[in-house]
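Reviewing the structure listed below.
The values are calculated or read from the model by the stated rules, or taken from the named source; none is laboratory data. All figures in this text were calculated on a predicted structure; none of them were measured in a lab. Cβ: placed from backbone, ideal geometry, glycine included. Neighbour counts: every protein chain shown. Surface accessibility is based on the protein's heavy atoms, side chains included, excluding ligands, DNA and RNA. Shrake-Rupley method; radii C 1.70, N 1.55, O 1.52, S 1.80 Å.
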Amino acid sequence: MNYLNQSIEALIKEKTACIAQLEKLTEKGLSLDLSRGKPSKLQLEISMEMLDTLNHTSDFIAENGQDCRNYGGIDGIPEAKRMLADMMDTAPDHVLVGGNSSLTLMYQIISHAMIHGICGSKPWSQVENRKFLCPVPGYDRHFTMVDHFGFELIPVPMLEDGPDMDMVQALVENDESIKGIWCVPKYQNPTGIVFSDEVVKRFAALTPKAEDFRIFWDNAYCVHAFEGENADLLDIIGACEEAGNPDMVYEFCSTSKITFPGSGISAVACSNANLADIKGFLKFATIGPDKMNQLMHARYFQNGKGIRCHMKKHAAVMAPKFTAAYRVLEEMLGDCGIAHWTYAKGGYFFSYVTLQGCATRIVSMCREYGVKFTPAGATHPYGVDPSDCHIRIAPSFAGMEEITMAVGVLALCTKIVSIEKVLESGNYVVA
């Protein structure tokens, strides 16, 4: 039944039936959470053997002769650099290895830019009306970070192969107060799309009006395919070098959703000038990173190939969850004309799009029935989606039965709210 061409009588009857289904589905009470992309307990178990890599009899000397138990090595040990560079398809000499969170590296770089400026440029705190570009739908933690530092957040629509590059180009090449853009280029959060070669090349060829404009290339899901090999993504660092803009990008990755989110390792990859700038402020904050953890990861995986092999175990857990969610949506909403969704082939999320003006009420109703989703609007700057139609779905943490039930509640709430919206608007067929 397509809800957009039904009579008022048919819609009222359908709403009554959906409410009855919802009450029956939730009659025993639900408490389900699909709000954030956390690995499940089963996924955490996958990496437990890594903890046996080092013990009190181990050799703790890195390839460069450094004792990993001691101070020093602010940019990380060689074997960890090489492994993470392989993950990002870049060269080890571009890489600095950090702690468990790539988000922390992003924050530190932006904080440095605010206080001291990037590579000798004017501190961002002294730039009036400073702005940051935010592809939407996108990652809420990116947006709140730059909002915290007082940036005006400029939404840029996501297209099927990446951000609207015509808009990006027009903005950055004509406004010196625009200092950066967020990007999740592979299995994007939340749409799951992969940036095309053309989009990557257009990023690399930008000629920003601000000399210190930077692309924050958060390649968080670079090895997180569900089936087969990972999708191809053009190397942004190489593309920027080829275009004569080697300093324009910071690329990030981590093992947060590969091993243990609370105790993984992360990295930033960038030009020599940017690396020198980063090490220049890190030396005041640390005498060295956790090299024991770097060594443990490097010896367990050996290289990027080892990581990709390991990720197939994660894929065996993740892929069925996404398939289950899609199956419920297709069965319950496939012909209703009131919602559509993206089909991610990797990562941790997919994007669910309702009729305009319905997402907030749908999420609220789901919560009333015991199912928690990410707040509507979280995918947009300031938590406000002007169309009120985007919801981010995160199936990873829930079990298979929980996913089926949670998405069933989502579908029924979508039907009820959409019928109310259609009736309110008067866009129904008069019998």
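Things worth noting here:
- Aspartates and glutamates whose Cα lies under 17 Å from that of Lys24, excluding same-chain neighbours fewer than 8 positions away: Glu14, Glu368, Glu401, Glu402
- Segment Glu420..Asn303, full-extension length gain: 36.7 nm, with 0.36 nm per residue of separation and the alpha-carbon distance subtracted.
- Accessible-area composition of the chain, carbon plus sulfur, in percent [1.4 Å probe]: 52
- Take the Cβ atoms of Ile8 and Met167, set R0 to 30 Å, and the FRET efficiency comes out at 0.15.
- Rounded to the nearest 10 degrees, the angle from helix 291-301 to the longest Cα principal axis of the chain is 70 degrees.
- Sequence-distant lysines (8 or more away, or on other chains) whose Cα lies within less than 22 Å of Lys122: Lys131, Lys179, Lys209, Lys279, Lys283
- Segment 132-291 shape via C-alpha gyration tensor axes, a/c threshold 1.5: rounded
- For segment 33-93, convex hull of alpha carbons as volume per residue, Å³: 158
- Val384 accessible area, assembled protein chains, probe 1.4 Å, Å²: 90
- Under the combined filter of DSSP loop state and at most 16 neighbouring Cβ atoms within 10 Å, segment 206-247 retains these GluC sites (Glu not before Pro): Glu211, Glu227, Glu229.
- Distance histogram for segment 241-320 (every C-alpha pair counted, 10 angstrom bins, percent rounded to whole numbers): 14, 36, 32, 16, 2
- Rounded to the nearest 10 degrees, the angle from helix 78-88 to the longest Cα principal axis of the chain is 30 degrees.
- Per residue accessible area of segment 259-373, 1.4 Å probe, in Å²: 40
- Estimated inter-spin distance, Glu27 and Glu49, nm [label 7 Å along Cα→Cβ]: 4.7
- For a straight C-alpha distance cut-off of 20 angstrom, the lysines reachable from Lys28 (same-chain residues fewer than eight places away being disregarded) are Lys372.
- Globularity index of the chain, i.e. its alpha-carbon radius of gyration over 2.2 N^0.38 Å: 1.06
- Rounded to the nearest 10 Å², the accessible area of Thr26 at probe 1.4 Å: 20
- Each listed q (0.13, 0.18, 0.22 Å⁻¹) maps to a log10 I(q)/I(0) for segment 356-422 from the Debye sum over equal C-alpha point scatterers, namely -0.34, -0.65, -0.92.
- Split the chain at each of the trypsin sites (Lys or Arg not before Pro) in a DSSP loop with at most 11 other beta carbon atoms within 10 Å, and the longest piece is 70-282.
- In the complete set of protein chains, residue-level accessible area for Cys119 is approximately 60 Å², probe 1.4 angstrom.
- For the residues Pro386, Pro289, Pro320, a GNM of the chain with alpha-carbon springs under 10 Å puts the largest fluctuation on Pro386.
- Longest to shortest principal axis, alpha-carbon extents of segment 168-224, angstrom: 35, 19, 16
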